[in-house]
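Q: Sending over a structure as structure tokens; questions will come in a sec.
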Amino acid sequence: MDMIFGVPAPLLFGQLVLGLINGAFYAMLSLGLAVIFGLLNIINFTHGAQFMMGAFVAWMLLTYLGIGYWWALLIAPIVVGITGIVIERLFISRLYKLDHLYGLLLTFGLALIIEGSFRNLYGSSGQPYRIPPELTGAWDLGFMFLPVYRGWVVIVALAVCLATWLLIEKTSLGAKLRAATENPALVQAFGINVPRMVMLTYGAGVALAALAGVLAAPIYSVNPQMGANFIITVFAVVVIGGMGSILGSIVTGFVLGVVEGLTRVFYPELSSTVVFIIMAIVLLTRPAGLFGRA
Amino acid sequence: MSLSRRSVLGVAAGAPLLTSSLSLRQARAQAQNTIRIGVLNDQSGVYRDLSGPGSTHCARFAVRESGIAQAGINVEVIEADHQNRPDVGSTVMRQWMDRDGVDVILDVPTSSVALAANTLVRERNKVFLCSGAATSDLTGPACSPNTIHWTYDTWMLANSTGRAMVAAGGQTWFFVTADYAFGHALERDTSAFVTAAGGRVIGSVRHPFPNTDFSSFLLQAQASRAQVIGLANAGADTTNAIKQAAEFGITRRGQRIAGLLVFITDVDALGIETAQGLVLSETFYWDLNDRTRAFTRALGTMPGNIRPSMVQAGCYSAVLHYLKAVREMGVAAAKANGAEVVARMKAMPTDDQAFGPGSIRADGRKLHPAYLFQVKTPQESSGRWDFYRLLGETPADRAFRPMAEGNCALVRS
């Protein structure tokens, strides 16, 4: 067996693939965060809870209404996105003129309330959600056994990331959005309804989190703390990529997933910490993040 | 006499003071006749369902069933969340014992927190009834005259599940271990059995606690080509690992998964399709016999509408026995000397609906049989919570580590 740095090559390749899969989740979640921060200037700590809600809505659709995975991919993001819009209208819209810190505290509090409510209703050990029959099975890549479902997750994540990036960077709608963050008063003067645009942007960012939640439901146990486990890492990803940078969050998400995967082979005990070490180094050397503009 | 404004104000201001000092005195008089039991466990994280509010429910049920109120003794049960962190748990316990007059610390899953409880309780000469934690060190090097380890431990799990897996032909092992006191103890105790039975441990990997993605660790376990992958973790960590092992087709390639600590709440979370065939050990199962069924019925609706786990049943059993000792000694003596209460509890045989007859050993180990179960197939199961088929029973005297091997200072001759 070939060895690379004292580790069998197949094992190493396997970890690279797994890293990409985890990176897909990081990228999708940090993408939503970056969109919200870039356009609303809100640090959305509720993101993890909204990811969890996405998974729970998928589970509820199946359990109570018998609606399966494929429809859940569409319905859950819409449902959770609407709750996001309600939150934006009721609470967040009052904070735009204040310091970042208020938005952070508000969304953090909301996350605690949402997670606590789900915990009281459904307990902590989680609900079963099965992989849809069309996506069961696995491909033998030679060096590893790749479940079809995981491959599907990477493909969906890449497609969604690319679409979002194109939408914001290359379309006229994206141009209006970006202009609205630079100078809302001027854009409004052109006859564009900026508050509505901001509201829909928040809803879309939240829907992205919920979509990631539906994708995660068959892999991880659907439990109230599933988002909390992810969100801290994802924030580190956003900080490393550069707050508000769309491309930065996508690339960093995938790269950090791979770095974390490799750490799990060479020094597993460090795997939950390595992202934060990188964050500290990046903050010391490039405070605006790898892709951020200072 | 005319009422001046000032005197009216004075009386108005003084009235609440007067009543509060009265109620304080009443409270103090009551406190001397009140036993306080503090249930300390995970109320918000991965171990919530298997301990959490269900443990408190069982403790309160034990208080009611003991009929101690009729004997004129007040028992108060309070609860707190330790978030699976020794620092958080220690702060709560200090406050409880030093300020609030708590006499008993109950449950405490998460071995690292339980070891902290063990020390704090001993320093203050209170009582620690441990149901939730697993590390066998509590009756080994860390044993204490103030602690009883009630429900299960890592040695018992290794002896029951580990031995059964080796007997079924699992000769080589690879461990996926939660990186803290509990995981280390479970891996150590199981390894000892594997090697003693002629098997071999060919590797292990330690994962952060808690953890969600196990695919990397499972792939390493797969690459080791060990016949058995031993999961030395618990709660949502175990369910995530089992779920992902199925996804990566690990069992289809001939390797077997040994969930060394699986609770009934974990089986429920996995769903019976995923969990079927899993071999596991418990000391209590709600549908084991007439007594356990009667116990589960009498409990009423549990928080979250679950069936009691062995940890929760252990809280009931421990409190019931503790209150027997308190009744014999009197509240004042029981509050004054925790070690004395524990000594009294050890001197009495135990018996209750959940665990049947048993006893407590000098090193603080509660003895009762251990049961080896297999999770039923969906066809065999009649519905939610009808999960286990009994494979075997280890009698009480052989279910736990022999006292001489534990290295406990209390029993060293």
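Coordinate-derived values only; no laboratory data. Predicted model, so just to flag it, every value in this text is computed and none were measured. Every residue, glycine as well, gets a Cβ built from its backbone with ideal geometry; the counts of neighbours run over all protein chains shown.
Q: With point charges of +1 on the Cβ of Lys and Arg and -1 on the Cβ of Asp and Glu, referenced to the Cα centre of the protein assembly as shown, which listed residue (B:LEU231, A:ILE168, A:GLY116) lies farthest in the positive direction of the dipole?
A: A:GLY116
Q: Would you calculate the convex hull of the Cα atoms in chain A and tell me its volume per residue in Å³?
A: 143
Q: May I ask you to work out the translational diffusion coefficient for the range A:107-159 at 25 °C, viscosity 0.890 mPa s, via Stokes-Einstein with Rh from the Kirkwood sum over Cα pairs, reported in whole µm²/s?
A: 173
Q: When only C-alpha pairs under 8 Å and at least 6 residues apart count, what is the relative contact order of the range A:225-294, in percent?
A: Worked out over the range A:225-294, it gives 41 percent.
Q: In vacuum, with every alpha carbon of the range B:237-376 counted as one equal point scatterer, what does the Debye formula give for log10 I(q)/I(0) at q = 0.18 Å⁻¹? Two decimals, please.
A: With one equal scatterer per Cα and no solvent, log10 I(q)/I(0) is -1.03.
Q: Roughly how compact is the range A:57-102, stated as its Cα Rg over 2.2 N^0.38 Å to two decimals?
A: For the range A:57-102, the normalised Cα radius of gyration is 1.62.
Q: Oh, and also: Under the definition of partner shielding as Cβ atoms of other protein chains within 10 Å of a residue Cβ, what is the mean value for peptide A:220-231?
A: 5
Q: Give, to the nearest whole percent, the P(r) tail of the range B:162-294 beyond 20 angstrom, counting all Cα pairs.
A: In whole percent, the share of Cα-Cα pairs in the range B:162-294 beyond 20 Å is 43.
Q: If you take the square roots of the eigenvalues of the alpha-carbon gyration tensor of the protein assembly as shown and sort them as a ≥ b ≥ c, do you get rounded (a/c under 1.5), prolate (a/b over b/c) or oblate?
A: oblate
Q: Could you work out [θ]222 nm for chain B from helices alone, using -39500 (n - 2.57) per DSSP H run of at least four and dividing by all its residues? Round to the nearest 500 deg cm²/dmol.
A: -13000 deg cm²/dmol
Q: From the residues B:GLN379, A:LEU65, B:ALA318, which one has its Cα farthest along the dipole of the protein assembly as shown in the positive direction, the dipole being from +1 and -1 charges on Cβ of Lys/Arg and Asp/Glu about the Cα centre?
A: Checking the options against the dipole of the protein assembly as shown, the answer is B:ALA318.
Q: Another question about this same structure. Percent relative contact order of the range B:323-413, based on C-alpha pairs within less than 8 angstrom and at least six residues apart?
A: 20
Q: Taking the Kirkwood radius as the inverse of the mean 1/r across Cα pairs, report the Rg/Rh of the range B:25-111.
A: My calculation puts Rg/Rh at 1.01.
Q: Could I have the simple spin-label model distance between A:MET3 and A:GLN188, label points 7 Å from Cα toward Cβ, reported in nm to one decimal?
A: Those two pseudo-labels are separated by 6.7 nm.
Q: Also: Add +1 for every Lys or Arg and -1 for every Asp or Glu among the other residues with Cβ under 14 Å from the Cβ of B:PHE209, and state the total.
A: With Lys, Arg at +1 and Asp, Glu at -1, the net is -4.
Q: Also, I was wondering about something else. At 20 angstrom or more along the helix axis (alpha-carbon based) and mean Kyte-Doolittle of 0.5 or higher, what helices does chain A contain? Whole DSSP H runs only.
A: A:9-40, A:47-65, A:69-90, A:100-122, A:148-170, A:194-216, A:226-241, A:246-266
Q: When chain B is treated as a GNM, springs tying every alpha-carbon pair under 10 Å, which of B:THR91, B:THR139, B:THR292 comes out with the largest mean-square fluctuation?
A: Fluctuation is largest for B:THR91.
Q: Once the Cα gyration tensor of the range A:225-294 is found, what semi-axes does its equivalent ellipsoid get, as square roots of 5 times the eigenvalues, in whole Å, sorted largest first?
A: For the range A:225-294, the semi-axes come out at 20, 14, 11 Å.
Q: For the range A:56-205, what Kirkwood radius comes out of the mean inverse Cα-Cα distance, in Å?
A: 18.8 Å is the Kirkwood radius here.
Q: By how many nm would the segment from B:ARG412 to B:GLU328 grow when fully extended, if each residue of separation counts as 0.36 nm and the alpha-carbon distance is taken off?
A: Answer, rounded to one decimal: 27.3 nm.
Q: What's the long-distance tail for the range B:233-281, i.e. % of Cα pairs beyond 15 Å?
A: In whole percent, the long-distance tail amounts to 35.
Q: Here is a follow-up. What's the average, rounded to a whole number, of partner chain beta-carbon atoms within 10 Å of each residue's beta-carbon in B:215-225?
A: 6
Q: Work out which helices of chain B, taken as complete DSSP H runs, extend at least 24 Å along their axis over the Cα atoms and score a mean Kyte-Doolittle of 0.0 or more, then list them.
A: Going by DSSP H runs, the hits are B:5-31, B:310-329.
Q: Would you grab the residues whose amide H sits under 5 Å from the one on A:ALA138? Only those 5+ places off in sequence or on another chain, please, with H modelled 1.01 Å from N.
A: The list, which skips near neighbours in sequence, is A:VAL148.
Q: Can I ask one more? For the range A:1-160, with the dipole built from +1 on Lys and Arg beta-carbon atoms and -1 on Asp and Glu ones, taken about the Cα centre, which of A:VAL154, A:LEU98, A:PHE56 lies farthest toward the positive end?
A: A:LEU98
Q: Among B:MET97, B:MET302, which comes first, then next, by fewest other beta-carbon atoms within 10 Å?
A: Neighbour counts put them in this order, fewest first: B:MET302, B:MET97.
Q: Could you give the dipole magnitude of chain A about its Cα centre, charging the beta-carbon of Lys and Arg +1 and that of Asp and Glu -1, in debye to the nearest 20?
A: With Lys and Arg at +1 and Asp and Glu at -1, about 660 debye.
Q: Another one. When the C-alpha atoms of the range A:1-143 are aligned to their principal axes, what extent does each axis show, in angstrom, from largest down?
A: Its Cα atoms span 61, 40, 26 Å along the three principal axes.
Q: State the Cα centre-to-centre distance between the range B:225-270 and the range B:128-148 in whole Å.
A: 27
Q: Quick check on chain B: what does the Kirkwood estimate of hydrodynamic radius come out to from the alpha carbon pairs, in Å?
A: By the Kirkwood definition, the hydrodynamic radius is 22.3 Å.
Q: Starting from the amide H of B:GLN255, placed 1.01 Å from N in the peptide plane, find each other amide H under 5 Å away whose residue is 5 or more places distant or on another chain.
A: Residues meeting the criterion, in which the H sits 1.01 Å from N, do not exist here.
Q: A further question on this structure: Within a 10 angstrom radius of the beta carbon, how do B:PHE175, A:PHE91, B:PHE193 rank from fewest other beta carbons to most?
A: Taking fewest neighbouring Cβ atoms as first place, the list is A:PHE91, B:PHE193, B:PHE175.
Q: Can I ask one more? Size of the dipole of the protein assembly as shown about the Cα centre, Lys and Arg at +1 and Asp and Glu at -1 on the beta carbon, nothing else charged, in debye to 20?
A: My answer is approximately 1120 debye.
Q: Let me ask something else about it. At what distance in nm do the modelled label points of B:ARG94 and A:PHE108 sit from each other, each positioned 7 Å from its Cα along Cα→Cβ?
A: About 2.4 nm, to one decimal.
Q: Summarise the partner chain shielding of A:115-124 as one whole number: the mean count of Cβ atoms from other chains within 10 Å of each residue's Cβ.
A: 4
Q: Here is a follow-up. Across the protein assembly as shown, how many lysine pairs, 8 or more positions apart or on different chains, have C-alpha atoms separated by under 28 Å? Please give the number.
A: Lysine pair count for the protein assembly as shown: 12.
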